[in-house]
Amino acid sequence: MSIPFENTYDLSESQLENLEKAEEMMLKNDLGNAENLLLEMLTEDEHCIPVLSNLGHLYGRYLSEFNTAVEYYDRVLSLEPDNAWARDSRRRYLRYIEKWAKVH
């Protein structure tokens, strides 16, 4: 497998392959299996930023579980405070939560 980007987080070949599988599953709307794979990966490395980020993305974008998405992005930011992508995504989902709270 060729890596089209710099392996910033020094992920293993297995982690890279599983992340790619999970992302493909999300694109194919196979959300339960994507969630299971990512959660399994998290048990092996609870501080894996790409896994935490993908879980935030899965819960926010695909499952509309905004509180859970924010929790995963909080975890990313606790490990990597300068992660702009996680910060922006977290902010977006917090806005959704606030709008929902105003309506209900």
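The values are calculated or read from the model by the stated rules, or taken from the named source; none is laboratory data. Everything numeric in this text was worked out from a predicted model, so none of it was measured. Every residue, glycine as well, gets a Cβ built from its backbone with ideal geometry; the counts of neighbours run over all protein chains shown. Ligands, DNA and RNA are stripped out before the accessible areas are found, and what is left, the full protein with its side chains, is counted by its heavy atoms. Shrake-Rupley method; radii C 1.70, N 1.55, O 1.52, S 1.80 Å.
In table form, for the structure just shown:
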{"read-out": "Segments classed as helices (runs of 4 or more DSSP H), wholly inside region 1-93, with at least 2 members that are open to solvent by less than 30 Å² (accessible area, probe 1.4 Å) and in contact with a strand residue (DSSP E or B) (Cβ under 6 Å, 6 or more places away or on another chain)", "value": "none"}
{"read-out": "Pairs where the first residue, in region 85-104, is over 16 Å from Glu65 (Cα atoms) and the second is at pLDDT below 95 and surrounded by fewer than 12 Cβ atoms within 10 Å (Cβ to Cβ), C-beta under 6 Å, 6+ apart", "value": "none"}
{"read-out": "Test: residue in region 77-86 that is aromatic (Phe, Trp, Tyr) and more than 12 Å from the chain's Cα centre (by Cα)", "value": "no"}
